[in-house]
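Heads up: the structure comes next, in structure tokens.
Every number here is computed from the coordinates shown, using simple stated rules; none is lab data. Here the structure is a predicted model, which means the values were calculated and not measured. Because the Cβ atoms are built from the backbone with ideal geometry, glycine has one as well, and the counts that use them run over all protein chains shown.
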Amino acid sequence: MLAPINKIPPEILTLIPDFWNHKRDRDIIALTHICQTWREVFVSRPSLWTNFDCLGEEKTRIYLERSKSFPIDLSLIRNWRKISLCEPFLQIIPHATGRLRSLFVGGPSANIRVITSHLSHPAPLLERLSICCSGKPPYCDFVLTPTLFNGDLSSLHMLRLERIHTELPWRKMDNLTSFTLSRIPPGAVSVGQLLDFFENAPYLEEVKLCFVIPTTGAQNRRLVSLACLKSMDIDDDNPFSILLDHLLIPVGAKLEIGVDLLSSSIRESFSRSLDNLQNFSDFTTIKLRPDKFYPRMKFSGPNGQVNITLRTNYRTSSVLGSLGEFNTSNTKRLEIDGGEIFNGDPLYRALLPMKDLRTLTLSGCKDPDIFIGALQPATCSSEVAVCPKLEEFVLVLHHRERESHITSVIEMAAARASRGEKLKTVKIFDGRDAADLDVSELKKHVWNVEYCPEVWL
């Protein structure tokens, strides 16, 4: 009774698990085994017993009993064993369906078929629904029918379907804010069906489409506005313009697209009518980063950013050149990580429109000297200055010839200073000791030079 923990009022003590990163069953149950007082305190709070997996009959009974009438969150991941008629989950249906707040179903198609066949009763409290078929293609060999929850999904806030052919009714989705559709069978959905869904979910904020972009069913002159959209993630081998031609993306929304930049230009991946994508004219940040599997691009509107992910051997200059198809005059940040630079001329032409660029970060390029040289105008040249408002240059050294790269930075900084474009800050990140790195010459042409371990970046 003298322990400091016992001075905490019970109503405060029971709130502590709310701040755990992960609420594990064993941790919640362990709290009830400390002493009789703690057992009574934690058992008496129903919200602690609302999240469970129905893996044991006795455990399921205890959780249902202790959660009282509170909404419940069920995780039914059945990957390795076939569901039997004694499955605890099947025993609580239909009694607990009306209490469902979130449901996560996963496993092979045979198990998903059994589980969903018992979900025909209404679930008026259901806010989050995720159904994912495990394994590789061929895809799930059954169709998710409209009888799911008696065809009423109007309470949903989040819906995620993966590797499943569905005939769910795309109606009464007024509360839906997050939608993910991934890896469904080819031809299982048409452009018209997706547009119908978007029209019936007017408050969508987040959309993720992975290998589901339809190639048929385009509807001439039909436009659907995603007025509340904040982010859209599209990844597919098919041309995205088939769908994007029909969508009005609001200014400020982020659009992330996976596209092979070696086989097509950036424009070919977007809507043929760029008026649908009003936010593409005001890039403020560009990021180029390596990726092991495929390149990624992220776009957003005014005061937002565009990210382009590259494989290490991608030609950075070619990608930057493709950005010339859009207005990059408002770009304030350019970050490049990876890629291979072969020619300075495309880089020069890509950087020239970026009149408002303030920060440039260069990391992991195979030959950064070429890029640095593109920022170095001839002192006697009358050409328009490259990035005249550039204030900060960040260089991350990944190569042995760091002295050569520093020399290139010194030459670039000196040339810019002679034109009245003196850099305010140059940051150099390197994993090695800076004791043998002489930057005294660089300090003559830059207001502030910072040297940091690479890990700080």
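Worth pointing out:
- Length released on extending from Ile5 to Glu403, taking residue separation times 0.36 nm less the Cα-Cα span: 137.4 nm
- Taken along the Cα-to-beta-carbon direction at a fixed 7 Å, the label points for Asp345 and Ala417 span 3.2 nm.
- Asn238 paired with Val43, simple spin-label distance in nm, labels 7 Å along Cα-to-beta-carbon: 5.6 nm
- Furthest towards positive pole of dipole, Cys133, Phe89, His121, structure part region 70-146, Cβ charges: Cys133
- Per-pair calculated FRET efficiency, R0 = 41 Å: Tyr203 and Cys452 via Cβ, rounded to 0.05: 0.40
- Global geometry of region 176-241, whether rounded, prolate or oblate, following the gyration tensor of its Cα atoms and the 1.5 cut on a/c: oblate
- The H on the amide N of Leu247, modeled in the peptide plane, is under 5 Å from the matching H of Val224, each at least 5 residues off or on a different chain.
- Size descriptors for region 1-144 (Cα atoms only): Rg and Dmax, in that order, 17.7, 63 Å.
- Packing, taken as the mean count of other beta carbons within 10 Å per residue, orders the peptides 249-257, 416-424 from highest to lowest as 249-257, 416-424.
- 20 °C / 1.002 mPa s Stokes-Einstein diffusion coefficient of region 1-44, Kirkwood radius on C-alpha pairs, µm²/s: 194 µm²/s
- Rounded to the nearest 0.05, the FRET efficiency derived from the C-beta distance between Ser154 and Asp25 at R0 = 45 Å is 0.90.
- Summarising the amide proton neighbourhood of Leu76: residues at separation of 5 or more, or on other chains, whose placed amide H is nearer than 5 Å comprise Phe104, Val105, Gly106.
- In terms of distances greater than 25 angstrom between alpha carbons, the cross-link table entries Lys389/Lys427; Lys230/Lys424; Lys208/Lys332 yield Lys230/Lys424; Lys208/Lys332.
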